[in-house]
Protein chains: 6
Amino acid sequence: MPIVTVTRRLRFNAAHRLHNPALSDEENAAVFGKCNNPNWHGHNYILEVAVEGPVDERTGYVIDLSKLKSIVQHEVIDRVDHRNLNIDVEFMRGVNPTAENIVVACWRVLERHVAPGRLRRLRLWETDNNYVEYEGA
Amino acid sequence: MPIVTVTRRLRFNAAHRLHNPALSDEENAAVFGKCNNPNWHGHNYILEVAVEGPVDERTGYVIDLSKLKSIVQHEVIDRVDHRNLNIDVEFMRGVNPTAENIVVACWRVLERHVAPGRLRRLRLWETDNNYVEYEGA
Amino acid sequence: MPIVTVTRRLRFNAAHRLHNPALSDEENAAVFGKCNNPNWHGHNYILEVAVEGPVDERTGYVIDLSKLKSIVQHEVIDRVDHRNLNIDVEFMRGVNPTAENIVVACWRVLERHVAPGRLRRLRLWETDNNYVEYEGA
Amino acid sequence: MPIVTVTRRLRFNAAHRLHNPALSDEENAAVFGKCNNPNWHGHNYILEVAVEGPVDERTGYVIDLSKLKSIVQHEVIDRVDHRNLNIDVEFMRGVNPTAENIVVACWRVLERHVAPGRLRRLRLWETDNNYVEYEGA
Amino acid sequence: MPIVTVTRRLRFNAAHRLHNPALSDEENAAVFGKCNNPNWHGHNYILEVAVEGPVDERTGYVIDLSKLKSIVQHEVIDRVDHRNLNIDVEFMRGVNPTAENIVVACWRVLERHVAPGRLRRLRLWETDNNYVEYEGA
Amino acid sequence: MPIVTVTRRLRFNAAHRLHNPALSDEENAAVFGKCNNPNWHGHNYILEVAVEGPVDERTGYVIDLSKLKSIVQHEVIDRVDHRNLNIDVEFMRGVNPTAENIVVACWRVLERHVAPGRLRRLRLWETDNNYVEYEGA
């Protein structure tokens with residue numbers, strides 16, 4: 001069977017602040033600039049979840065996209081949407097919520113839920129002009 | 001001279017929370033739902049500023065778009081970008097930061113800065129799926 | 001109170017065929033070209049619903065966008081999404097489903113459901129390159 | 001019959017330079033900045049042509065969009081696409097090609113070609129962040 | 001010579017229905033949900049065709065994009081645009097038209113037409129929120 | 001540490017003309033068609049710069065995106081924006097400015113500036129419908 005990758009995009013709106021508690025306030029301000037604002041800022045994030053696998057002969061699907069949507073909605077979106085990524089999200093506890101760290105944390109949450117497909121790539125858009133990609137390495 | 005409308009889009013990323021202090025916590029939760037999250041959430045806002053006027057014969061411009069950009073950057077974007085709309089923004093003091101209230105507040109800040117053009121319309125996108133428009137009425 | 005227009009975008013995927021039963025097959029083919037294909041074709045439609053009204057002092061809303069979404073979802077989207085616009089949709093019965101006719105039919109369905117707001121404009125995108133607008137005239 | 005507005009988007013890629021020959025080189029540089037570069041620059045323009053009229057009972061169309069596309073293609077796009085707006089375009093002769101002046105020139109070319117519809121609005125995108133609109137005033 | 005990948009996006013609008021004739025009606029409804037609607041639904045598909053190869057020293061091209069466009073237009077788009085993917089398309093005969101199956105079928109049609117370039121990747125967008133990718137494996 | 005790829009998109013507007021001086025005028029016209037127009041044409045280019053590396057434990061960054069933006073702005077955008085790619089750009093001297101040749105030239109300029117990250121991929125959009133990608137091969 002051919003190996004195809006299917007991708008579903010989902011959105012969430014969240015507040016965050018870049019801050020490393022191991023650094024002084026001055027260091028945090030120097031490293032993170034306006035992203036260190038103590039009163040937070042926020043984004044409309046877009047998460048693209050790419051799952052790879054053989055096309056099932058019976059369904060013509062790699063994975064049913066409505067099931068994939070439900071999985072990501074339940075495991076990630078419901079936990080981060082309209083939340084504060086520094087405070088409200090169990091799976092981000094103690095993590096500085098840069099786009100890089102968010103995408104790796106999402107991978108760890110999602111990777112065991114897409115079998116028999118395989119998580120191929122997560123892409124997280126933080127703004128229209130920047131995004132990060134993680135492939136599990 | 002022909003009357004033309006020119007529009008510049010600018011972006012800002014901000015945290016906010018919908019909350020009316022005149023209501024009880026229960027009422028706020030009922031009215032604003034997840035937008036009332038006490039730890040904030042946030043958005044990538046897009047503000048479209050539309051200025052109308054005759055086309056200047058010498059320049060071919062209604063208003064120099066690089067000047068319009070500087071005006072909006074200075075008067076609005078620098079005050080709201082990477083900020084908390086409930087806490088950090090002087091011109092939003094005491095205002096519940098719904099998209100409707102933000103766009104009206106931006107109008108009041110901008111309207112006197114675009115002469116001899118005339119502010120025709122502000123459009124504020126809060127997400128890819130919703131936006132508000134104000135024309136000064 | 002300021003008068004603001006709020007817009008919500010919703011999507012539906014539908015099949016249709018342009019065909020006027022009052023015309024002969026040859027006339028239908030001549031008038032509608034490939035859009036007359038007897039086996040149908042389809043689109044990802046985007047419907048933008050714009051509601052105008054004063055900003056409510058208590059909520060800061062013209063209309064709660066999550067309520068507006070529910071209304072449009074229930075009155076329009078649930079009836080047209082993953083359907084055939086010529087066959088499956090009660091409120092399009094006997095109507096040739098051009099974008100113009102769809103948008104007028106949606107207006108008639110929606111206009112009485114957005115009080116105390118007022119339906120200001122419907123915009124229907126049929127493809128990325130064409131859309132129609134109706135303002136109730 | 002209901003009055004509907006239909007819009008078709010078309011694209012063209014062109015070179016231009018902002019320059020008023022009635023001004024000195026120094027004045028041109030001061031007024032137009034980098035847009036005055038003597039060796040030109042260019043854009044992917046998007047032109048949105050909006051035509052208003054009653055919905056024809058026989059066709060369900062205000063105007064057949066494939067006819068509207070052909071008209072705009074023939075009257076405008078074929079004359080400006082992959083051209084230099086200062087040199088190559090008859091209907092821009094002697095006009096400083098600001099977005100404002102281009103949109104007004106396009107209006108004059110197109111307005112007599114969309115009968116029995118009526119040209120309602122032209123919108124010209126010069127970049128993703130700025131556009132101009134003309135309604136014939 | 002450097003190896004570069006060039007991609008051309010083309011669009012088609014088609015009707016389809018997900019249905020496996022080897023399953024009962026109940027099974028089809030359970031597996032495919034609303035996508036199994038017997039009266040069809042449809043999409044605005046976007047097909048991205050990526051061709052890889054060395055940059056030709058004489059032309060600076062991997063492949064002339066206007067030639068690539070003509071190839072894809074002739075081999076794929078003209079056969080699927082404004083058609084029913086279950087009924088009208090020879091190269092989809094007997095194939096359940098999931099996005100996965102469409103993209104693999106397009107690969108088989110296109111792969112021998114892009115020499116001396118090499119087909120690197122096809123990406124098919126079914127909606128703004130989901131797409132599939134095939135790389136020939 | 002996880003290996004993540006971060007991408008920043010930047011834009012520039014430039015004029016160009018496809019022309020190989022080793023060919024006759026007739027050959028150039030035959031090979032490049034309307035892209036060979038002697039008076040130039042132009043585009044809104046989008047350059048996506050993807051940098052790969054381990055996530056720094058102190059910052060949570062692969063590379064600070066505001067630094068990456070400054071690097072690309074200084075090394076590429078300031079040299080090509082509002083310029084003529086055939087005439088004005090030192091690093092394109094003697095190069096026929098096809099999208100393929102531009103993206104390879106940008107790679108050579110940028111690759112030594114993103115250490116300790118590694119340039120993973122450049123993607124250059126010439127229009128909404130075509131882009132090229134280079135990964136350094």
Subset of region F:1-24 (residues that are of a type in the set (A, V, I, L, M) and more than 20 Å from F:ASP78 (Cβ to Cβ)):
F:MET1, F:ILE3, F:VAL4, F:VAL6, F:LEU18, F:ALA22, F:LEU23
Top-ranked residue of region B:72-91 - restricted to ones that are closer than 21 Å to B:TYR131 by Cβ and assigned to a helix (DSSP H, G or I), ranked as farthest from the other protein chains (Cβ to nearest Cβ):
B:GLU75
Enumeration of residues in region D:1-41 that are touching a helix residue (DSSP H, G or I) at 6+ places or on another chain (Cβ under 6 Å), open to solvent by 30 Å² or more (accessible area, probe 1.4 Å), part of a strand (DSSP E or B) and without any contact (Cβ under 8 Å) to a residue 60 or more places away in the chain:
none
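Please indicate, with yes or no, whether at least one residue in region F:45-59 is closer than 20 Å to D:PHE12 by Cβ and in contact (Cβ under 8 Å) with a residue 12 or more places away in the chain.
First, the residues of region F:45-59 that are closer than 20 Å to D:PHE12 by Cβ: F:45-46.
Next, only the ones that are in contact (Cβ under 8 Å) with a residue 12 or more places away in the chain stay: F:45-46.
Yes: one or more hits.
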Could you please tell me which pairs satisfy a Cβ distance under 8 Å, a separation of 6+ or placement on different chains, a first residue in region C:109-122 that is free of Cβ contacts under 8 Å to residues at least 40 places away in the same chain, and a second residue that is crowded, with 19+ Cβ neighbours inside 10 Å?
C:VAL109/C:VAL76; C:GLU111/C:LEU119
Please verify whether region A:1-22 includes one or more residues that are away from chain B (no Cβ under 14 Å), under 25 Å from E:VAL132 (Cβ atoms) and modelled with pLDDT under 95.
yes
Please specify each residue of region D:100-109 satisfying the condition of being closer than 13 Å to B:VAL6 by Cα and open to solvent by 30 Å² or more (accessible area, probe 1.4 Å).
D:ASN101
Could you tell me which residue of region C:115-137 is farthest from the other protein chains (Cβ to nearest Cβ), considering only residues that are of a type in the set (D, E, K, R) and part of a strand (DSSP E or B)?
C:ARG118
I'd like the full set of residues that are of a type in the set (Asp, Glu) and open to solvent by 60 Å² or more (accessible area, probe 1.4 Å), limited to region D:67-99.
D:ASP78, D:GLU90
Output the residues belonging to region F:23-55 that are in contact with a Pro (Cβ under 7 Å, 6 or more places away or on another chain) and within 7 Å of another protein chain (Cβ to nearest Cβ).
F:VAL55
Between C:ARG58, C:ARG112, which is more than 14 Å from chain E (Cβ to nearest Cβ), assigned to a helix (DSSP H, G or I) and either β-branched (Val, Ile, Thr) or surrounded by fewer than 17 Cβ atoms within 10 Å (Cβ to Cβ) (or both)?
C:ARG112
A careful count of residues in region C:61-71 that are assigned to a helix (DSSP H, G or I) and closer than 20 Å to B:ARG123 by Cβ gives 3
Among residues of region E:42-55 being under 14 Å from E:ARG120 (Cβ atoms) and open to solvent by 10 Å² or more (accessible area, probe 1.4 Å), the residue farthest from the chain's Cα centre (by Cα) is E:PRO54
Could you tell me whether region A:92-99 includes any residue that is over 22 Å from E:LEU122 (Cα atoms) and outside any loop (DSSP other than H, G, I, E, B)?
yes
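The values are calculated or read from the model by the stated rules, or taken from the named source; none is laboratory data. Computed from a predicted structure; not experimentally measured. In this analysis, Cβ positions are derived from the backbone assuming ideal geometry, glycine residues included, and neighbour counts consider all displayed protein chains. Accessible surface is based on the protein model in full, side chains and every heavy atom, while ligands, DNA and RNA are left aside. Shrake-Rupley method; radii C 1.70, N 1.55, O 1.52, S 1.80 Å.
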